[in-house]
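In what follows, a structure is listed as C-alpha cells, so that the remarks can point back to it.
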Amino acid sequence: MRTYVIADDLTGAAEIAGVAHRLGCRVRLTTTVEPLRQEDEVVVLATDTRSMHREEALRFTHEVVTAMARLGVRPDRLFKKTDSVLRGHVRGELEALQPLGYRQALLLPANPSKGRVIRRRIYTIGGTPLSHTLFRHDPEFPATTSDVVRLVGGSAPYITTRTRRKTLAEGITLGEVGSMEDLQWFVARFDAPEVVMAGSADLFQCLLEHHGKRAIARTPFSGLGDRRTLIVLGSTARHNLLEEPFFQRNCVARCPMPDEVFAGGSTETWIAEAHRLTAEADSLLLRIPQQISHNEGHALRLRHQMAETVLALVREGRFEEVVIEGGATAFTILHGLQWSELTIADEIAPGVVRLYHAASGTHLSFKPGSYPWGNCFQ
C-alpha cells in the first residue's frame, strides 16, 4: 500500500515520517509535490499551511491538489495530517481535497497515547478541557472552546464507536476517541480508498498497522554526543534544557534574541553576535526570551527574524546537527535553505524526528513545541 500524506506543518510531517519509519516503511519527506517513485511506501508532503492566513492556505492547498492531479499522483491511500488540537485551517483544507475525487473525510484528531482524547465532543488533555490549557494562549490559533465540532466549524456529524453506520456521509465526519482501541475501531470500519483519513499520528499508526505494518527493531538514538549543534527554540514552549547531559558535557553558547530585534529592528547585530559565539563555543542555542504577544503578525515577524539568523549560520557549514523546535519556524528555515527533500535517520521519541539532507551532509531534528525532547540531548 502506497500512502501519501499531506501535513499542514513540518513537525507534524516529521512526526508522521517517524511513525512510518518505526513501522518499517520506506519513507520520504518533501516540501514539493513530485511523482511517486517505485520504491515509495510513504511520502509525506509538508505544506506549512497552518502558518498562513486562511485564504492563502486554501489557495496553496488547491495548488497542491492541482499539481498532484497534473503529475498523476494517485496513491492507494491519502492521509491528511492535522494538528492534534485542531489548530490551523482544518475544515477548509479537507474540503479542498475534493477535486482529487475524495468526497468523504473521517477526522480523528485525538492522540490517546499522549492523553489527548475526545468524549461527548469535549477535547481534554490529561483530563483538562482544551480551552483551559496553554493552547488557549496560542498566538495564532487560541483554543477558545473545547467542543471539537465548534473548533472545526460548521455542523460536522459526530459519531462514536456505538454507531451502526457502515458508510460515511459526504463531507467531514468527526469521531469520538478515548483510546487507541477506538481509533482501531474507526479504521477497521471506515478505511477505504475513497475516504480521506485525517487526524493525528496515533491514527496514522493505526492505519499502517491495519494494513499489516509492525514495529521493527532499530538501534535507539543515543543522543547528540559531542557533535557541533545549532539549537533553535522557535516555539512559545519553555523547557529547562541546561540540565540535560549534552549541555553539561559541551560548551553551548546561549544567544537570545536582543530586545531591539524583538521590537522589529534588523537582525544584523544578532547575527554578528551569533557568529562571534560560534567561533568560541562547541554549539549554539538561539531562543526568544521575551513574551510573545498573541498578535499573529508579531509571531510571523519573529519567525522570519529567527530564520534569517539561522540561515546565516547554517550556510557556513559549521554545524553537523541542527535541532529546531516549532514547525512553522522549521519550515521557514528549510524554505530559505531550499532543502526540499529529506530522508529519515532516527525517531528520537514520538514526534521528535532526526532527518538527513544528503547534499549538505547535515542532520536536522524537529520537535513540536508541546512535546518532550526524549533523549535528544543525552
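The values are calculated or read from the model by the stated rules, or taken from the named source; none is laboratory data. What you see is a predicted model; the values in this text were computed from it and never measured. When we count neighbours, we look across all protein chains shown, and the Cβ atoms used for this are built from the backbone with ideal geometry, even at glycine. The accessibility values were calculated without ligands, DNA or RNA, using every heavy atom of the protein model including side chains. Shrake-Rupley method; radii C 1.70, N 1.55, O 1.52, S 1.80 Å.
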**Flag if Thr163 is more than 23 Å from the chain's Cα centre (by Cα) and open to solvent by less than 60 Å² (accessible area, probe 1.4 Å)** = yes
**Message:** Scan the stretch 285-298 and tell me whether some residue there is modelled with pLDDT of 90 or more, out of contact with any helix residue (DSSP H, G or I) (no Cβ under 7 Å at 6 or more places or on another chain), open to solvent by less than 60 Å² (accessible area, probe 1.4 Å) and assigned to a strand (DSSP E or B).
**Reply:** yes
**Message:** Going residue by residue through the stretch 119-134, is there one that turns out to be modelled with pLDDT under 95, part of a helix (DSSP H, G or I) and open to solvent by 10 Å² or more (accessible area, probe 1.4 Å)?
**Reply:** yes
**Message:** Could you check the stretch 76-86 and list, in sequence order, the residues that are open to solvent by less than 20 Å² (accessible area, probe 1.4 Å) and part of a loop (DSSP other than H, G, I, E, B)?
**Reply:** Thr82, Asp83, Ser84, Val85, Leu86
**Prompt:** Do you know which residues across the stretch 330-378 are of a type in the set (Gly, Ala, Ser), open to solvent by 30 Å² or more (accessible area, probe 1.4 Å) and assigned to a strand (DSSP E or B)?
**Reply:** Ala345
**Request:** Kindly establish whether Thr278 is under 27 Å from Met52 (Cβ atoms) and among the hydroxyl-bearing types (Ser, Thr, Tyr).
**Result:** no
**Filtered residues of the stretch 170-188 (kept if buried (at least 16 other Cβ atoms within 10 Å of the Cβ) and closer than 17 Å to Asp76 by Cα)** = Val187
**Request:** Report whether or not Arg189 is assigned to a loop (DSSP other than H, G, I, E, B) and not β-branched (Val, Ile, Thr).
**Result:** no
**Asked** Looking at the stretch 299-316, which of the residues that are modelled with pLDDT of 90 or more and small (Gly, Ala, Ser) is nearest to Glu260 (Cα to Cα)?
**Response** Ala307
